[in-house]
Structures are given as structure tokens and as C-alpha cells.
Amino acid sequence: MRIAGMIKRVLREMLRDKRTIALMFIAPLFILTLIYFLFQSNVTTTATLAVRGVDSTLVSAVDTDHVTIKHDTSKQSADKVIRKHDYAGMLIQKGDKLTLTLANSDQTKSAVLKQSLQAAQIKLKTKAAASAIKREAAAIKKLQQALAAATRNPAVAAQTPAQPSQSKNYTVKTHYLYGSSDSTYFDTLLPIMMGFVVFFFVFLISGIALLKERTTGTLYRLLATPVKRGEIISGYLAGYGAFALVQTLLVVLYTIFVFKVQIIGSIWNVLLINILLAAVALTMGLFISTFASSEFQMMQFIPIVVIPQIFFSGIIPVSTMPNWLQAIAHIMPLYYGATSMSNVVEKGASLTSIAPSLLILLVFVAGFLMLNLITMRKYRNV
Amino acid sequence: MTDTIQVHDLQQGYGKTIVLRDINLTVASGDILALIGPSGAGKTTLISTIMGMLKPKAGSVTVLDTTMPNRQILAKIGYMAQTDALYDVLTGRENLDFFGTMQGVTKAQMAERIPHAAGVVNLDDDLNKYVKDFSGGMKRRLSLAIALISDPPLLILDEPTVGIDPELRQQIWQELHKIADEGKTILLTTHVMEDAEEADHVMMIRNGEAIAQGTPAELTKQYQVATIEEVFLQAGRDQDAHRRND
Ligand SMILES: Nc1ncnc2c1ncn2[C@@H]1O[C@H](COP(=O)(O)OP(=O)(O)O)[C@@H](O)[C@H]1O
Ligand SMILES: [Mg+2]
């Protein structure tokens with residue numbers, strides 16, 4: 001009865017606040033669309049590669065849509081050539097030795113070159129296997145060495161043109177965490193962002209709503225009725241949960257029909273994950289709002305409690321992070337939500353396989369619920 | 001007649017500061033008690049303690065034969081806060097309906113209670129307006145209507161007459177007397193002396209202490225003055241003199 005009254009009120013307040021409604025339902029779609037265009041266009045980056053004295057088999061293997069080959073005949077050093085013509089990199093063959101120098105001022109271009117060289121390597125390998133031509137096998141080895149030497153450089157000299165260097169044969173492996181070699185970064189981002197937008201907006205809106213109740217005195221007035229503190233929180237949970245559900249549906253439908261992205265797993269799992277994420281965001285928002293005395297102060301919590309979560313949500317693969325950073329990831333609710341979401345959307349993970357993560361999200365919800373109940377004691381001692 | 005409110009040797013404060021000392025108070029059912037005192041005297045703190053929002057630091061509070069704090073008893077208390085705590089984007093009616101529901105009023109009862117409560121404070125015609133379009137006085141009246149919505153045996157009103165015009169004030173007092181005549185108890189705070197004169201009993205609070213207690217007639221007689229206001233001023237002077245002697 002009282003919970004129903006709470007829900008009715010929360011819904012009424014929300015529905016009458018047109019701007020907040022717009023923020024909740026239009027902003028996520030806007031952000032996703034922006035990301036779609038930003039990260040989709042990434043694929044069309046082309047890089048210019050200067051070559052000098054390189055075997056024609058190799059050059060033609062490297063030559064793709066993304067790489068423009070320039071033949072260089074000067075005697076200048078790679079550094080000079082790159083600086084002079086603003087190339088992305090230079091590949092020089094001296095006898096049997098290949099040297100790749102990367103400008104590395106634009107890392108996406110360096111990545112394109114490295115990718116192309118790796119692709120060339122694979123191309124030549126398959127050819128070599130088929131025809132067993134020694135010459136090509138040798139070219140692969142040379143290429144591998146050059147690539148290994150160059151890939152080590154960016155870390156050391158990220159800004160200045162990398163110094164040519166040679167080293168032993170490093171094996172260069174490419175891991176595709178999600179999708180395949182032709183999936184774009186957007187495919188990786190989408191499931192993460194689907195969870196994140198819901199998390200972010202529910203956190204913000206519910207937090208500010210409770211904050212407003214606190215500052216206008218309605219929370220105190222409410223607690224002067226026999227309502228249980230749990231009933232207040234439940235009302236919030238259900239009321240804002242309903243909005244989070246609509247928001248999720250909107251995002252999912254938009255993803256499917258506008259981006260034409262296929263969700264491999266079950267839509268129900270997607271909804272379930274987002275509802276749980278929304279519940280964490282809600283209980284966390286309510287709790288955090290205790291420490292804010294104005295909307296502005298609530299905003300100040302965003303860089304502290306929301307932004308860091310993005311970094312650990314899979315945008316940067318967590319498995320490649322140092323151990324201590326991985327440990328931090330494991331205390332971030334969004335890490336569990338986004339990882340499960342990626343697994344469901346891209347790999348069609350089943351409910352049982354994401355269950356452990358969902359359980360952890362539930363633990364977060366329970367924890368924040370307890371904290372909320374405790375902090376509300378401040379207003380009424382029973 | 002039983003006592004609706006009993007306060008014994010109450011001491012109350014926030015953190016380490018003591019706001020109320022040695023408060024003893026009984027309000028019989030059907031009685032109207034006015035707590036009168038300057039701002040900062042501790043009236044709101046006393047009310048919060050009686051309602052059980054705050055636990056007494058020392059002493060005891062009993063309301064309707066139940067030791068406070070007690071959540072269930074709040075269903076029997078109609079409360080009007082000192083600052084209007086209303087939902088701006090809801091209409092007057094929706095505010096009444098929401099707080100009524102929280103107070104435990106059923107849907108069937110609501111149909112009759114809302115017009116009655118709104119009638120007492122002359123808000124009948126404005127019930128469908130959003131509260132954000134209300135004037136300060138209208139908000140005050142709506143807050144009072146919310147206190148009345150559950151037709152409770154105990155009304156606790158914190159400065160109910162602030163911002164209310166004299167004509168309506170008189171009308172509200174008529175209603176309060178009617179409610180008291182039905183055997184319901186009313187505890188209110190005020191710093192307006194006219195309110196004190198309407199009450200059955202008066203308790204004067206100053207600097208966290210009860211400086212005078214009794215019916216208005218008893219007090220004016222005891223202090224040998226004509227008005228409650230003069231009683232208050234005299235009692236205040238006595239308190240200061242007493243303190244200097246300490
Ligand atoms: N939440 C609080 N925390 C700390 N001190 C408070 C709080 N509320 C009131 N006080 C202090 O208690 C004293 C009494 O306040 P209050 O009960 O509101 O007085 P009144 O209602 O008579 O104006 C004041 O000195 C006030 O500053
Ligand atoms: Mg007060």
C-alpha cells in the first residue's frame with residue numbers, strides 16, 4: 001500500500017519533469033549514435049609507408065587499402081625521410097635485414113601499419129606453406145624481426161620518431177578479444193555503453209531526486225509518517241527501476257534497428273543485466289547523495305565514482321592490465337555489468353555463465369541498500 | 001481522562017550541545033497546549049523528540065501510552081513541520097493523497113477526508129493546482145491540511161499560523177477547538193502571543209528551559225499582569241536574574 005503510493009509519486013514526479021525524461025531517454029541514444037560515428041570512421045584511417053630496397057613480394061603483400069606505399073630512393077636516414085614527408089613509417093631493406101621505423105605521432109596510423117605488416121606476414125606465410133618457396137619464408141622472418149623491433153619502440157619513444165633498432169626474433173601475436181579481425185571498435189564499445197548509459201543516468205537522476213527530498217525536507221516529513229525506511233527505498237527502486245527498464249528497451253531496440261548490430265545472446269539476459277546495473281546505480285546514487293548537500297555537490301561525485309568505472313568496464317581489456325589494476329576492476333560494479341553484457345551481446349553467453357557476475361551485482365545492491373537504511377536512521381531514530 | 005503526552009525530566013541536544021534541560025510536560029487528551037518561545041528556544045527540538053524522530057538523551061517520552069520512539073504511533077499523529085515539505089510538481093490534491101497514503105488512510109476514506117481537510121484551510125478551489133504555483137500562505141495551509149488528513153487523535157503543529165492571514169487564522173482556531181472538543185489532543189508551537197491565548201495550556205520555553213507553565217488565566221494571575229505577552233517577558237527576566245545568581 002505505502003510502497004504503491006511511493007511508486008505512484010516517483011512516477012508522477014518523473015513524468016512531469018520533461019527535461020529529465022528527455023535526458024533519460026534521448027541522451028543515451030544521442031551518446032550511442034555519437035560513439036557509432038566516431039568509432040566507425042576509425043577504420044578508414046590510412047597511413048603512408050615509405051619503402052626503400054624492399055622485395056617486391058613483400059611490398060605487394062603490405063600494399064592494402066589502408067596503406068599508401070611511397071618508394072624512396074634517397075640516401076637519407078629513415079628519421080629524416082619521415083620528418084620531411086610526414087610519413088607514418090618507413091621500411092628499409094638492407095641485404096637480408098628489414099628495419100621498420102614508425103613516426104608514431106598518430107598512434108592509430110602506427111597501428112594501421114603494424115596491422116598491415118602483420119597481415120602481410122600471414123599472407124606470405126600461407127603462400128610459403130602452399131608453394132614452399134624459400135625466398136618468401138625468408139621474407140617472413142625478416143618482416144617478423146622488423147615488426148618486433150618496431151613494436152617495442154612506441155612505448156619507449158612515443159612522441160619522437162622511433163629509433164631504428166634490431167633485436168632478436170619476437171613473435172608478434174594479435175588477440176581479438178571480441179569479434180574478429182574485421183569488427184570495429186564500436187562493436188566492443190556498444191555493449192559496454194549500453195550498460196554504462198543506464199548506470200550513469202539512473203545514478204544521477206535517482207541520486208538527485210533523493211537529494212532534493214533531503215534538502216526540501218520532504219524526506220524528514222515522510223519519515224514523520226509510519227512508513228518504513230525500507231518502503232521508501234523500495235518505492236524508489238521500483239519507480240526508477242521502471243524508467244531504467246524503459247530506457248534499456250529503448251537502447252536495445254535502437255541498437256538492433258538503427259545500428260543493425262546483432263545481439264547474439266538473449267534479449268532477456270541483456271534486460272536482466274541492465275536492471276541489475278540500474279539497481280546498483282540507484283542504491284549507490286541514493287547512498288552517495290547522503291554526502292552531497294546540493295545538486296552541484298552531487299555532480300562532483302561523478303568524476304570520483306562514475307568515470308573511473310568506465311576505464312574498467314572493458315574499454316581497455318581488463319585481462320591485459322597489471323594485477324593491482326585488475327584488483328581495482330573487481331570492486332567496480334560496472335566491470336561485472338559490462339563484461340556480462342559484452343559476453344551476452346557478442347558471444348551469446350548464457351544465463352548460467354553470467355550468473356556469478358550477476359550475483360556480485362546483487363551483493364552490491366544489498367550492500368548499498370543496507371548503507372541507505374543505516375544513513376536514513378539519522379532522520380528518524382526508529 | 002488519560003494523558004496523551006507525558007514528558008519526564010527530558011534532556012535533549014545535538015551531538016554534545018544540550019538544547020533542552022529538565023523538561024516535564026503532560027498533555028491530557030482533548031487539551032490544546034501551546035509551546036511558546038523565541039526562535040532557537042528548542043521548541044522544534046522538543047516536538048521532534050515527542051514524535052520520536054530523536055531519541056531522548058535523558059528522561060522519557062510517552063505518547064498515547066507508548067514509549068517513544070515508536071514508528072507505529074506516528075500513524076496516530078498528524079504532523080505539520082515548521083518548514084513546508086511539499087512536492088512541488090504534484091498538485092495540492094496529490095500531495096494530500098500521497099501523505100494520506102503514507103499515514104495509512106485508505107482510498108475509500110480519502111474521498112471524504114481530502115475535501116474536509118482542504119475545506120478547513122480554504123484550499124478547496126486550489127487543490128488541482130501544482131504546489132509550485134502556490135503562494136507561501138497556501139503552502140502553509142496545505143501543510144496543515146496534510147496534518148489533518150488522517151483525522152488523528154494527536155495533532156502536532158510546528159508554527160502553524162506563520163504566514164496565515166488573521167481571518168483564516170481565526171477560522172483555523174475554530175476548527176482546532178472543534179477537534180479538541182472531540183477529545184483529540186493538540187500540541188502546537190508559536191511565537192505569536194495571540195495563539196497562546198487561544199490555547200488551554202501554555203508552556204513557555206526560553207534557552208532550552210521551561211520558564212512558565214499553566215493555563216493563560218493562571219499565568220496572568222500568577223505574574224499579576226494583563227497579557228500572556230507580559231507573562232513571557234516577566235518570566236524571561238526572572239530566568240535571567242536566576243542565572244546571574246547562579
Ligand atoms: N539538527 C540540528 N543540529 C544541531 N543543532 C540544532 C539542530 N536543530 C536545531 N539545533 C539547535 O538547537 C537549538 C534549538 O533549535 P529549535 O529546536 O529549532 O528551536 P525553535 O524551534 O524553538 O526555534 C538552536 O540553537 C539550534 O541551533
Ligand atoms: Mg522551530
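Each value in this text was obtained by applying a stated rule to the coordinates, not by laboratory testing. This is a predicted model, so every value here is computed, not measured. Note that each Cβ is placed from the backbone with ideal geometry, even for glycine, and that neighbours are counted across all protein chains shown.
Quick one: if you stick a label point 7 Å off each Cα along the C-beta vector at B:K132 and A:Q115, how many nm between them?
Once both label points are built, they end up 4.9 nm from each other.
GNM on chain B, C-alpha springs below 10 Å: top fluctuator among B:D158, B:D200, B:D125?
Sorting by GNM fluctuation, first place goes to B:D125.
Efficiency by 1/(1 + (r/R0)^6): what FRET value for B:T26 and B:T83, r their Cβ-Cβ distance, R0 = 25 Å, to the nearest 0.05?
Computed FRET efficiency for B:T26 and B:T83 comes out at 0.35.
List the lysines whose alpha-carbon lies under 25 Å from that of A:K260, not counting same-chain residues fewer than 8 positions away?
In chain and number order, the partners are A:K347.
Can you compute the FRET efficiency between B:A108 and B:E197 using 1/(1 + (r/R0)^6), with r the Cβ-Cβ distance and R0 = 45 Å? Round to the nearest 0.05.
The computed FRET efficiency comes out at 0.70.
Relative contact order, percent, of chain A when contacts are C-alpha pairs under 8 Å separated by at least 6 residues?
17
Add -39500 (n - 2.57) for each DSSP H run of 4 or more in chain A, then divide by its residues: what number comes out at 222 nm, to the nearest 500 deg cm²/dmol?
Rounded to the nearest 500, the figure is -21500 deg cm²/dmol.
If a paramagnetic tag sat 7 Å from the Cα of B:E218 along the Cα-Cβ line, which residues of region B:186-201 would have the backbone N under 13 Å from that point?
B:200-201
Of all beta bridges DSSP finds with both residues in chain B, what is the antiparallel percent, to the nearest 5?
55
Given +1 on the Cβ of Lys and Arg, -1 on the Cβ of Asp and Glu, and no further charges, what dipole in debye does region A:184-379 carry about its Cα centre, rounded to the nearest 20?
That gives a dipole near 500 debye.
Among DSSP beta bridges whose residues both lie in chain A, state the antiparallel percentage, nearest 5.
Among the beta bridges of chain A, antiparallel pairing accounts for roughly 40 percent.
How much length is gained if the chain between A:Q40 and A:A137 is pulled fully straight, taking 0.36 nm per residue apart and subtracting their Cα-Cα distance, in nm to one decimal?
31.4 nm
Distance from the Cα centre of region B:45-77 to that of region A:192-264, in angstrom?
34
Rg and Dmax of region B:161-246, using alpha carbons, in Å: what are they?
14.6, 46
For chain A, give the magnitude of the charge dipole about the Cα centre (Cβ charges: +1 Lys/Arg, -1 Asp/Glu; no others), in debye to the nearest 20.
400
What whole-number value in cubic angstrom gives the convex hull volume per residue for the C-alpha atoms of region A:184-379?
119
Using only the alpha carbons of chain B, determine the length spanned along each of the three principal axes and report them from longest to shortest in whole angstroms.
58, 37, 36
Normalised by the number of residues in chain B, what is the relative contact order in percent for Cα pairs under 8 Å and 6+ residues apart?
Worked out over chain B, it gives 25 percent.
Among A:S293, A:S56, A:S319, which one shows the biggest mean-square fluctuation in a GNM of chain A, springs joining Cα atoms closer than 10 Å?
A:S56
Going by a ≥ b ≥ c, the root eigenvalues of the Cα gyration tensor, does chain A fall in the rounded group (a/c under 1.5), the prolate group (a/b larger than b/c) or the oblate group?
Verdict is prolate for chain A.
Using a 10 Å cut-off around each Cβ, can you sort B:H8, A:H330 from fewest to most neighbouring Cβ atoms?
Fewest-to-most Cβ neighbours within 10 Å comes out as A:H330, B:H8.
What's the FRET efficiency of A:K18 with A:I304 using the Cβ-Cβ distance as r and R₀ = 30 Å, to the nearest 0.05?
For A:K18 and A:I304, the calculated efficiency is 0.50.
Modelled label-to-label distance, B:E230 and A:K70, 7 Å Cα→beta-carbon offset: nm?
10.4
Give the order of B:M203, B:M138 when sorted by the count of other beta carbons within 10 angstrom, beginning with the fewest.
B:M138, B:M203
Where the only charges are on Cβ atoms (+1 Lys, Arg; -1 Asp, Glu), what is the dipole of region B:1-153 about its Cα centre, to the nearest 20 debye?
The calculated dipole for region B:1-153 is roughly 500 debye.
Just name one of B:A147, B:S60, B:T106: the one whose Cα is farthest towards the positive end of the charge dipole of region B:1-157 (beta-carbon charges, Lys/Arg +1, Asp/Glu -1).
Highest projection toward the positive end goes to B:S60.
Enumerate the calculated ³J(HN,Hα) couplings along region A:62-76 in order (Karplus 6.51 cos²θ - 1.76 cosθ + 1.60, θ = phi - 60°), each rounded to whole Hz, writing x wherever the residue is Gly or Pro.
After applying 6.51 cos²θ - 1.76 cosθ + 1.60, I find 6, 5, 10, 4, 8, 10, 9, 8, 10, 8, 10, 10, 6, 9, 5 Hz.
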